[in-house]
Amino acid sequence: MGMDRNTVIGFILIGVMMVTMFVVNSRSRQQYEKEQKKINDSIAATKPKKIIDTSHTAKILVDSPAISAKDSSGFSITKNDGQLISLENDVLKVVFSTKGAQPKQVTLKKFKRFDGSLVVLQEGNYNKLSYPVLTGINQTAASDDINFVAEPVITNADGSQVLKFKMGDSSTSRIITHQYILKKNDYMIDLAINIQGADKLFSQNALNLVWQTETPQVEKDHKYELTQMELCYLENKDYDFKRMLESGNKSFSEPLNWIAVKQQFFISGLIANNNFSTVGASWQVSKDTNSHIAQTAINAKADFAAGASNVSIPLHLYYGPSDYNILKQYDNQMQNIVPYGSGVFAFVKYINRYFLLPVFDFLRSKVASLGLVILLLTLFIRLITSPILYKSYLSGAKMRVLKPEVDQLKLKFKDPKTGQLDQQAFGMEQMKLWKSAGVNPLGGCIPAILQIPIFMSLYYFFQCNIDLRGQSFLWATDLAAYDSIYKLPFNIPFYGDHISLFTITATLTSLLISIYSMNQMQDNSNPVMKYMPYFFPIILLGVFNNMPSALTWYYTISNTITLILQIVIQKYIIDHDKILAVMTEKKKRPVTKSKLQERIEAMQETQKKVQEMKAKTSKK
């Protein structure tokens, strides 16, 4: 391939953008490493609990003097753990406790942790769903300290299961009911908090909900998983997120429809049908790689009509994968949580959603191996972008044909005494030469820049596509994580403590492209332009070593195809003699100048005359 200077500039711009983005991520990790506050997450060992499975046989749990004692208001305050009841469908298992009528454990049945155990998104004493209740005059109790009574589980004809918990005093018409509905094959849990005597149980016409969730480590790389942590929310119908790289907090004054904690591939979310009026969130990250990733506390205010006695507050709890197709079904913008593009590259999410994802899903439905799916996807993308690539190569070929004439112009405008080149005069004549030959000086740069959206969309796509998780290919055991052929006994700065073979193959193929391209370049006089393309493959060796193997496998294939296309197009498709003949014919035609070009040339001519006058004046 004839790589002209503009083409190289285009690829350098791509590299600069990549390195800049990786440096920002690297700095974020450094901030995380400097985080000094350590979370004390030790939890006292609890006694084994007997889980009452009511998915098939419903059992009524009644208060027992051994575990609870009713106060004068009729509420059963308990210090024990309560009894447990489980609801289960094909994808989700939820264990509820009568203490607080809240989920105690949530297990995803279709996904496994890096150690082979099932993914448990909620477990431990930190997790809770609670709110303060007025139990008497100047007396308040947290709902998670109150023992509820469970009613028999109802299984509907559509396969959904309904579980109700009740607490309160019917004699004073103060009753609170938690109704949970778990639908078939659904990760969303419906929760309706129905209240009788709301004006007596709550102050300021609001239920002040406290939702605490502890995010467990699910993937093998604790540090990388932390970089993917985000607090996502829909505020006043606008989606946004905040990275959770270090401990922090955030307040919301606008109506909030939902708020969620996203780790690399999984989400824990709280949704309100009628919005929360105000929300405050705080979180603390953990440096302990053998523990959780973060602990998050959400304080959300759900308002109801003033003076209302009977109130229903519809909520939802989502515990499931960060899967675009699944989240889109809920029609509440939760699909935006999947980071298919962000920041200056936010626009590439549309390429991922409406182009790459449908193609990927189609190929996945036909081919069992996801490694082969990536191979076919890469071939498809290279086929689509081949016209752009061809134009870039053609522009380089034209530049190379004109190189002898460009060299003559350099000799013409070089001062024989000082050896300095009159850049302005040379530039004017070079533009005239290109114009007469019908060559676009940006012909090599623009095609390279046009490939940036595809390049960046794939970068995001392979990092957040959950379908790649746990899928093996060749020596890679998980395409959603880095592949490692050797674990180093030490850590190398900017590289890591392991050797990724796919990263090495991606780097080597990138280096081969640079070597071939620079050998074909018509101007190697600039030392920066000569050696700069070699630096990026070396930099990428460190950058990609911790990236998902699906990404580095894609770059290996893409680079190989690019190198083959360069050689084939350069050697067998582009006819240099024909290009020279066409350019020679164009030179014979009268050159038509645009008004803009005429103005530019006029300005250049004026500047040239001014410089000549200054030169004559200085000699006198």
Based on what the data block shows, is ASP478 modelled with pLDDT under 85, open to solvent by 10 Å² or more (accessible area, probe 1.4 Å), of a type outside the set (Lys, Arg) and not in a helix (DSSP H, G or I)?
no
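Looking only at segment 118-133, which residues are out of contact with any Leu (no Cβ under 7 Å at 6 or more places or on another chain) and either within 20 Å of GLN264 (Cα to Cα) or among the aliphatic types (A, V, I, L, M) (or both)? Talk me through it step by step, then tell me what you get.
The initial filter retains those residues of segment 118-133 that are out of contact with any Leu (no Cβ under 7 Å at 6 or more places or on another chain), namely 120, 122-130, 132.
Within segment 118-133, VAL120, GLN122, GLU123, ASN127, LEU129 qualify.
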Of all residues being within 22 Å of TYR131 (Cβ to Cβ) and of a type in the set (Ser, Thr, Tyr) in segment 144-189, which is least open to solvent (accessible area, probe 1.4 Å)? Just the residue, please.
TYR180
Quick check: is even one residue across segment 253-273 part of a strand (DSSP E or B), out of contact with any helix residue (DSSP H, G or I) (no Cβ under 9 Å at 6 or more places or on another chain), at pLDDT below 95 and open to solvent by 60 Å² or more (accessible area, probe 1.4 Å)?
yes
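With more than 22 Å from LEU479 (Cβ to Cβ), among the β-branched types (Val, Ile, Thr) and crowded, with 19+ Cβ neighbours inside 10 Å as the only criterion, which of VAL338, VAL373, VAL348, VAL311 stands out?
Unique residue meeting the criteria: VAL311.
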Selection within segment 312-354 - farther than 30 Å from ILE449 by Cα, of a type in the set (D, E, K, R) and in a helix (DSSP H, G or I):
LYS328
For residues that are among the aliphatic types (A, V, I, L, M) and in a helix (DSSP H, G or I), scanning just segment 355-370, find the one that is farthest from the chain's Cα centre (by Cα).
LEU363
Is there any pair with a first residue in segment 270-299 that is on the phi > 0 side of the Ramachandran plot and a second that is aliphatic (A, V, I, L, M) and not in a loop (DSSP other than H, G, I, E, B) whose Cβ atoms are under 7 Å apart and which are 6 or more apart or on different chains, and what are they?
ASN275/LEU256
Based on what the data block shows, is HIS292 open to solvent by less than 10 Å² (accessible area, probe 1.4 Å) and either assigned to a loop (DSSP other than H, G, I, E, B) or not aliphatic (A, V, I, L, M) (or both)?
yes
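Conditions tested, residue by residue: (1) at pLDDT 90 or above; (2) under 40 Å from the mean Cα position of the chain (by Cα); (3) under 19 Å from VAL106 (Cα atoms).
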{"site": "THR135", "(1), (2), (3)": "no, no, no"}
{"site": "ASP145", "(1), (2), (3)": "yes, yes, no"}
{"site": "PRO152", "(1), (2), (3)": "yes, no, no"}
{"site": "LYS164", "(1), (2), (3)": "yes, yes, yes"}
{"site": "THR172", "(1), (2), (3)": "no, no, no"}
{"site": "ASN194", "(1), (2), (3)": "yes, yes, no"}
Could you tell me which residue of segment 233-249 is nearest to the chain's Cα centre (by Cα), considering only residues that are assigned to a loop (DSSP other than H, G, I, E, B) and exposed (fewer than 14 other Cβ atoms within 10 Å of the Cβ)?
LYS237
The lone condition ALA305 fails out of (1) out of contact with any strand residue (DSSP E or B) (no Cβ under 8 Å at 6 or more places or on another chain); (2) part of a loop (DSSP other than H, G, I, E, B); (3) open to solvent by 60 Å² or more (accessible area, probe 1.4 Å) is (1)
Sort through LEU512, LEU508, LEU421, LEU411 and tell me the only one that's at pLDDT 90 or above, open to solvent by 20 Å² or more (accessible area, probe 1.4 Å) and more than 25 Å from PHE345 (Cα to Cα).
LEU508
Limited to segment 85-132, what total is found for residues that are assigned to a loop (DSSP other than H, G, I, E, B), among the hydroxyl-bearing types (Ser, Thr, Tyr) and crowded, with 16+ Cβ neighbours inside 10 Å?
3
Return the residues of segment 134-166 that are in contact (Cβ under 8 Å) with a residue 60 or more places away in the chain, in contact with a Leu (Cβ under 7 Å, 6 or more places away or on another chain) and over 20 Å from TYR180 (Cα atoms); say none if nothing qualifies.
LEU134
Residue pairs within 7 Å by beta carbon, gap of at least six or interchain, first lying in segment 396-417 and without any contact (Cβ under 8 Å) to a residue 12 or more places away in the chain, second open to solvent by less than 60 Å² (accessible area, probe 1.4 Å) and part of a strand (DSSP E or B), listed first then second, are LYS414/LEU421
Only listed residue being open to solvent by 50 Å² or more (accessible area, probe 1.4 Å) and within 22 Å of TYR460 (Cβ to Cβ), chosen from GLN284, GLN333:
GLN333
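The values are calculated or read from the model by the stated rules, or taken from the named source; none is laboratory data. From a predicted model like this one, the values you see are computed outputs, not experimental measurements. Methodologically, a virtual Cβ is constructed for each residue, glycine included, from the backbone with ideal geometry; neighbour enumeration extends over all protein chains shown. When the accessible area is computed, the model is the full protein with side chains, heavy atoms only, and any ligands, DNA or RNA have been set aside. Shrake-Rupley method; radii C 1.70, N 1.55, O 1.52, S 1.80 Å.
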